[in-house]
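The values are calculated or read from the model by the stated rules, or taken from the named source; none is laboratory data. It should be emphasised that the depicted structure is a prediction, and the values quoted were computed from it without experimental measurement. Because the Cβ atoms are built from the backbone with ideal geometry, glycine has one as well, and the counts that use them run over all protein chains shown.
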Amino acid sequence: MPTARAPGRVTLIGDHTDYNGGVSLPIAIDLATEVTFTPKPGSFLIGIESDQFPDQPLEIALGGTAPVPREALLAAGLLRIQPPPSGGSVRVTSTLPVGGGLSSSAAFSVALLLVLGHDPDPLALARSSQEAERSAGVHVGLLDPLASGGARAGHALHIDFTTLETRQVPIPDDAAFVIVHSESPRQLTATPYATRRAECERAAHVLGRPLGACELGDLSALSDPVLRRRARHVITECGRVEEAERLLARGNLMGLGTVMTEGHRSLAADFRVSVPAVDELVEDLLVLPGVLGARMTGGGFGGCVVALCRPDSPALDPAEHAPRRAWRVSPSAGAALLGT
C-alpha cells in the first residue's frame with residue numbers, strides 16, 4: 001500500500017514565462033497532497049476518494065474507452081500514462097486549497113504518478129503531468145509539476161524553459177513567507193488563460209522567436225498594443241528572475257520584495273491576469289509591518305497571494321488575515337514516496 005507526497009508551489013518571480021521559453025523561480029511549500037494506492041488483484045476498476053471532495057467519489061475503468069465525467073478527466077489521463085498492474089482504490093488527502101493557484105492539480109498528478117510507479121525523475125514526472133492535463137483540456141506549462149517534483153528544502157528552483165535545465169538557489173534563513181487566499185477562486189478552464197497563451201504565440205511569431213529569448217528593444221516590432229504588453233511582461237519578468245537570484249545571493253531581501261511586487265504589477269497591468277480582489281489583497285499586505293513584497297501566484301484570475309516578510313512580521317500569523325484563509329510556509333522538499 002504505497003503512499004506518495006507532492007507539494008504545492010508558489011512562484012517568487014517568473015509567472016507565465018514557462019510556455020514562452022523563459023525562466024522562473026518557484027519554491028515548493030509545506031502544503032501538499034498525499035496519495036495512497038491499494039491494489040485489488042483481478043479488478044479492472046480504480047476507485048478514487050478525496051478528502052476535499054468527499055461526496056464525489058470517482059470510478060474509472062482501466063483501459064476503458066467510454067467517456068468519463070469532466071471531473072475524472074485528469075485522473076483518467078494519468079492512469080493511461082502510468083497504468084497500474086490491477087485495479088484498486090486511491091485515497092487522496094491534501095492541505096492545498098483547490099482553486100488557490102498553489103498547484104493543487106500538479107501536486108495530485110505528480111503524487112498519483114509516483115505512487116503508481118512512474119519514473120521519479122522530476123522532468124519525466126512534469127512531462128507526464130503536462131500530457132495528462134492537456135488530455136483533460138487544460139494546456140498548462142511545465143512550471144508547476146517541475147517545481148513540485150524537483151524542489152529542495154530551503155531552496156528556490158531556477159528553471160530555464162528553453163533548455164529545461166534546473167538549479168537550486170539557496171533561500172536565506174531569515175526569509176519568511178505567508179500565503180493569503182483572496183477568496184476569489186480560480187479555474188484555468190474557465191478563464192482567459194488560453195487567450196493569453198495564444199497572444200504570446202502570436203507575438204512570438206511576429207518576433208521570430210520565443211518571448212523568453214527577446215529583449216525590450218524587440219517590442220518596437222509589435223504594432224498591436226495588446227501583443228506588445230503581453231510580450232513586455234514576459235521579457236521584463238525574465239529579467240526580474242535574474243535580478244531576484246542576484247539579490248538572493250547577496251541576502252538582500254528588501255530588494256527581493258521589491259522585485260516580487262514589481263512582478264505582480266506587471267501581471268496586473270501588462271498581462272491582465274489579476275482581479276480586483278487579488279490587487280486589493282496585495283496592497284493590504286504591503287502596508288503591514290515587516291512585509292517586504294507581495295504578488296499573486298499561479299496562472300492568475302483569482303487565488304492566492306504570497307508575501308515575503310521579515311521573521312518578526314505580524315503578517316506571518318494566519319489569524320491576522322481572518323476571515324481570509326492564510327498559511328505560513330517554508331521552502332520545502334519536492335515529491336517523494338513515503339513508503340509501502
Among the residues listed as Gly290, Gly263, the single one being in the same structural domain as Gly302 (by TED's automatic domain parsing) and touching a Gly at 6+ places or on another chain (Cβ under 9 Å): Gly263
Test result for Thr11, under 26 Å from Ala198 (Cβ atoms), β-branched (Val, Ile, Thr) and under 11 Å from the mean Cα position of the chain (by Cα): yes
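Does Leu25 qualify as being touching a Ser or Thr at 6+ places or on another chain (Cβ under 9 Å), farther than 23 Å from Pro331 by Cβ and touching a residue at least 60 places away in the same chain (Cβ under 8 Å)?
No: the conditions fail for Leu25.
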Where Leu288 falls short, out of the listed (1) of a type outside the set (D, E, K, R); (2) in a loop (DSSP other than H, G, I, E, B); (3) touching a residue at least 60 places away in the same chain (Cβ under 8 Å): (3)
Condition check for Val282: at pLDDT 95 or above, more than 21 Å from the chain's Cα centre (by Cα) and β-branched (Val, Ile, Thr): no
Breaking point among (1) under 26 Å from Arg232 (Cα atoms); (2) touching a helix residue (DSSP H, G or I) at 6+ places or on another chain (Cβ under 9 Å), for Glu280: (2)
Qualifying residue in the stretch 157-176 (condition: within 17 Å of the chain's Cα centre (by Cα), part of a helix (DSSP H, G or I) and surrounded by fewer than 24 Cβ atoms within 10 Å (Cβ to Cβ)): no
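Got a sec? Which of Gly302, Gly255 is within 23 Å of Ala107 (Cα to Cα) and outside any strand (DSSP E or B)?
Criteria check complete, one pass: Gly302.
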Residue within the stretch 225-234 that is buried (at least 23 other Cβ atoms within 10 Å of the Cβ) and assigned to a loop (DSSP other than H, G, I, E, B) present: no
Considering residues of the stretch 208-224 that are in a helix (DSSP H, G or I) and within 24 Å of the chain's Cα centre (by Cα) only, the residue surrounded by the most Cβ atoms within 10 Å (Cβ to Cβ): Leu211
Failed condition for Leu114, given (1) at pLDDT 95 or above; (2) in contact with a strand residue (DSSP E or B) (Cβ under 8 Å, 6 or more places away or on another chain); (3) assigned to a loop (DSSP other than H, G, I, E, B): (3)
